[in-house]
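Q: Take this structure first; my questions come after.
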Amino acid sequence: MRDTITQMLPGDGGPPPADQTIVEGEGGVVYPGLHDMHSHASLESGLYYLAAGVTSTRDMGNVNAFLLDLMPRIDSGEIAWPRIAPAGFLEGRSPYSARNGFIPATLEEGLADVRWYADRGYGEIKIYNSMNPDWVKPLAAEAHRLGLGVSGHVPAFDTPDRVIEDGYDAIAHINQLMLGWILDPTEDTRTPLRLTAMARAGSLDLNAARVQKTVGLMKTHGVALDTTASIVEQLMLSRAGQTQVGQQDFLSHMPIGFQRYRKRSFVTIKTPADDAAYQAGFAKVIETIGMLHKAGIRLLPGTDEATGFSLLRELELYVQAGLTPAEALRSASLGSEEFLKRTDRLGVIERGKLADLVLVAGDPTKDISAIRRPRMVMKGGAVYFPSEIYAAIGVEPFAAPLTVRPAAAAKSAASGDPGFGYPDDHLDEF
């Protein structure tokens with residue numbers, strides 16, 4: 001039971017147990033651990049994630065041998081890392097093929113690869129850019145027969161509408177969705193065009209019939225969107241020598257090499273018109289997130305990036321798009337667990353559930369940016385103090401350390417409220 005919540009006591013319920021180590025909450029707020037629903041795990045990214053309050057990730061494609069070695073080492077406690085829900089990567093063969101997972105030469109090979117992932121406990125498959133559009137439906141059918149979900153990019157020369165009808169449970173990346181409304185069907189999204197074409201998005205009419213047809217299909221089929229808006233922001237709004245708005249809160253805390261990398265341009269800006277097009281395009285991304293939320297589409301906050309800071313920015317962008325802070329937090333906690341079908345043990349702070357939680361200074365149901373200042377993170381009963389992690393990896397901490405009283409001291413000094421605050425929004429419902 002070391003990883004499970006066994007008691008939840010009211011703040012005025014008397015002194016805490018004298019035989020327990022006491023962490024003084026100091027008026028902070030506790031909420032369930034956050035999820036990055038579009039991650040690509042690396043060994044070094046685990047501590048960054050935990051320090052940011054991310055206790056679960058959904059790995060959206062990796063080197064199979066690496067991931068199958070990493071996950072049991074996490075489960076055994078050898079490596080500090082969030083929980084990983086793996087998606088098996090399936091790519092088609094082309095000059096542009098990505099080299100993770102499997103690249104089947106035939107449909108029969110692809111079906112065998114789906115079975116390989118199912119046999120090893122993967123929760124879903126992820127289909128990538130070069131996949132033959134005609135293979136999507138049979139691959140999805142086999143995945144569903146085996147109890148796996150189906151997510152991915154919209155393959156080149158395919159459409160969001162078709163992949164939804166062919167069996168997708170979630171589309172990866174908001175640009176992959178929006179390109180279906182922006183590009184000519186003959187344009188090749190295996191190239192960087194799948195990113196640079198977002199400069200055309202500014203003029204997109206979200207009330208257009210083709211847009212609302214796709215949204216209707218998503219609602220009918222229960223298809224989610226893994227947004228990764230923060231990486232789209234990083235791409236579209238990067239300007240050489242400048243710190244983006246979404247990175248101002250953390251970039252100065254990072255090692256100088258990382259700061260220099262993030263102050264580069266990831267797009268080519270030759271004229272003021274180019275700059276204006278990318279600005280307008282990203283504004284349309286935010287507008288699209290708000291429209292999808294109002295339409296009842298499940299949003300899965302993901303980043304395609306591994307510092308944890310981008311997940312925090314993702315939730316700020318959700319609020320910018322019109323979600324309340326509470327709705328944004330829910331999407332990254334209970335909402336993500338609903339998609340992963342693990343609400344029997346995760347997603348809420350409740351007796352009998354796994355002890356994944358975050359303590360922050362401030363109230364994120366009123367100001368979402370409070371999530372940028374976690375002071376304690378617990379994953380499966382293991383306690384992490386972000387200030388200690390950041391000091392060890394060369395990052396200037398974002399919040400002061402908490403007071404910890406060992407059990408021996410607590411026996412003589414214990415009294416009163418342990419200090420954890422719960423706002424009126426009932427964060428245990430996330």
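Bear in mind that the values in this text are calculations on the coordinates, not laboratory data. Not measured: the values here are computed from a predicted model. For neighbour counting, all protein chains shown are included, and Cβ atoms are generated from backbone atoms with ideal geometry for every residue, glycine included.
Q: Just for the stretch 191-221: of the residues that are outside any helix (DSSP H, G or I) and of a type in the set (S, T, N, Q), which one is farthest from residue 291 (Cα to Cα)?
A: Within the stretch 191-221, the subset outside any helix (DSSP H, G or I) is 191-192, 204-208.
Still in the list and also of a type in the set (S, T, N, Q): 191, 207.
Values: 191: 28, 207: 10 Å.
Checking each candidate, the answer is 191.
Listed here are the residues, each with its yes/no results for (1) buried (at least 19 other Cβ atoms within 10 Å of the Cβ); (2) assigned to a strand (DSSP E or B); (3) within 24 Å of the chain's Cα centre (by Cα).
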site	(1), (2), (3)
147	no, no, yes
150	yes, yes, yes
164	yes, no, yes
189	yes, no, yes
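Q: Tell me the strands (runs of 3 or more DSSP E) entirely within the stretch 1-76 that contain at least 2 residues that are β-branched (Val, Ile, Thr) and within 20 Å of residue 302 (Cβ to Cβ).
A: The strands (runs of 3 or more DSSP E) meeting that bar are 54-59.
Q: Restricting attention to the stretch 98-113, which residues are within 24 Å of the chain's Cα centre (by Cα) and surrounded by 14 or more Cβ atoms within 10 Å (Cβ to Cβ)?
A: 98, 100, 101, 102, listed by residue number.
Q: When the stretch 222-267 is examined, which residues are found to be in contact (Cβ under 8 Å) with a residue 12 or more places away in the chain, exposed (fewer than 13 other Cβ atoms within 10 Å of the Cβ) and not in a loop (DSSP other than H, G, I, E, B)?
A: 252
Q: When you go through 7, 20 one by one, which is the residue that is within 23 Å of residue 345 (Cα to Cα) and over 28 Å from the mean Cα position of the chain (by Cα)?
A: Testing whether each residue is within 23 Å of residue 345 (Cα to Cα) and over 28 Å from the mean Cα position of the chain (by Cα) leaves just 7.
Q: I would also like to ask the following. Within the stretch 7-23, count every residue that is more than 19 Å from residue 371 (Cβ to Cβ) and touching a strand residue (DSSP E or B) at 6+ places or on another chain (Cβ under 7 Å).
A: Total satisfying the criteria: 3.
Q: Could you identify the single residue in 323, 299 that is in contact (Cβ under 8 Å) with a residue 60 or more places away in the chain and at negative phi?
A: The conditions single out 299.
Q: Which condition breaks for residue 65 when tested against (1) surrounded by 14 or more Cβ atoms within 10 Å (Cβ to Cβ); (2) under 30 Å from residue 141 (Cβ atoms); (3) free of Cβ contacts under 8 Å to residues at least 40 places away in the same chain; (4) hydrophobic (A, V, I, L, M, F, W, C)?
A: The one condition residue 65 does not meet is (1).
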